[in-house]
Amino acid sequence: MSKSKLSRARRLTTLAAAAACGILLTTGGSATASAAENSPTDNGGGFLAEAQPKEAASVAELAQQRAEEVHARTPANKLCTGTWTHAVSAVTFQRAAGGTLAWGFKLSNTARANLGPTVTVTMPYSYVNGKAINPPYGPHTAISTYNFHGSMKKYQYVGGGSGSIATGNKVTFYWFLKGSKPNSAADRYITCQVPKPGSA
């Protein structure tokens with residue numbers, strides 16, 4: 001993918017997460033540039049400086065489409081193990097011996113400065129092997145130094161059906177962050193491959 005197309009795709013990714021939360025993020029000359037410009041597509045996200053209220057229903061379909069594009073274009077060529085660093089947050093994965101995939105989500109110093117002392121973290125979209133699932137993480141509001149942790153073993157597909165994660169599954173987690181500073185927001189996404197139980 002060309003650099004310009006990749007940059008555009010990343011901007012649309014941020015729009016998607018924002019839309020899921022009922023706001024439209026816009027960038028302009030004075031806005032903070034995306035921190036993800038040089039990130040691999042399986043480990044991305046960014047900051048935006050302006051948020052304009054927008055009718056959630058009018059953008060929800062676009063948000064889902066963009067999130068699906070993020071999942072489709074990102075290969076599961078890295079294991080969900082260790083710490084994935086990024087300007088928005090560090091995400092640390094561990095798969096328990098019993099099969100549960102757990103993660104810790106800690107905001108970077110840059111994110112805390114941009115978003116403010118309190119942050120609401122949601123996961124509007126997540127996928128297993130190309131199929132949308134009900135996200136395994138509900139909205140959490142906490143001080144910005146908090147470890148926004150979660151885990152998943154069993155899941156439900158959007159529209160019905162269920163499953164359990166298995167070694168080798170391709171998963172995508174898509175977080176949206178709304179800061180306590182006025183008009184502050186960010187997004188973060190990771191696509192990776194579920195490692196064998198007991199991996200850290």
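The values are calculated or read from the model by the stated rules, or taken from the named source; none is laboratory data. Quantities reported herein were computed from a predicted structural model and do not represent experimental measurements. Using ideal geometry, Cβ is built from the backbone for each residue, glycine included, and neighbour counts are taken over all protein chains shown. The area values use the complete protein model at the heavy-atom level, side chains included, leaving out ligands, DNA and RNA. Shrake-Rupley method; radii C 1.70, N 1.55, O 1.52, S 1.80 Å.
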Next on the checklist: Condition check: over 20 Å from Gly44 (Cα atoms), among the β-branched types (Val, Ile, Thr), part of a strand (DSSP E or B) and open to solvent by 40 Å² or more (accessible area, probe 1.4 Å). Does Thr167 satisfy that?
Outcome noted: no
Checklist entry - Checking Ser151 against (1) open to solvent by less than 50 Å² (accessible area, probe 1.4 Å); (2) in a strand (DSSP E or B); (3) over 19 Å from Ala72 (Cβ atoms), which test does it fail? => result (1)
Checklist entry - Within the stretch 137-147, is there a residue that is modelled with pLDDT of 95 or more, out of contact with any helix residue (DSSP H, G or I) (no Cβ under 6 Å at 6 or more places or on another chain) and crowded, with 20+ Cβ neighbours inside 10 Å? => result no
Checklist outcome for this item: Only one of (1) free of Cβ contacts under 8 Å to residues at least 24 places away in the same chain; (2) open to solvent by less than 10 Å² (accessible area, probe 1.4 Å) does not apply to Ser184, and that is (1)
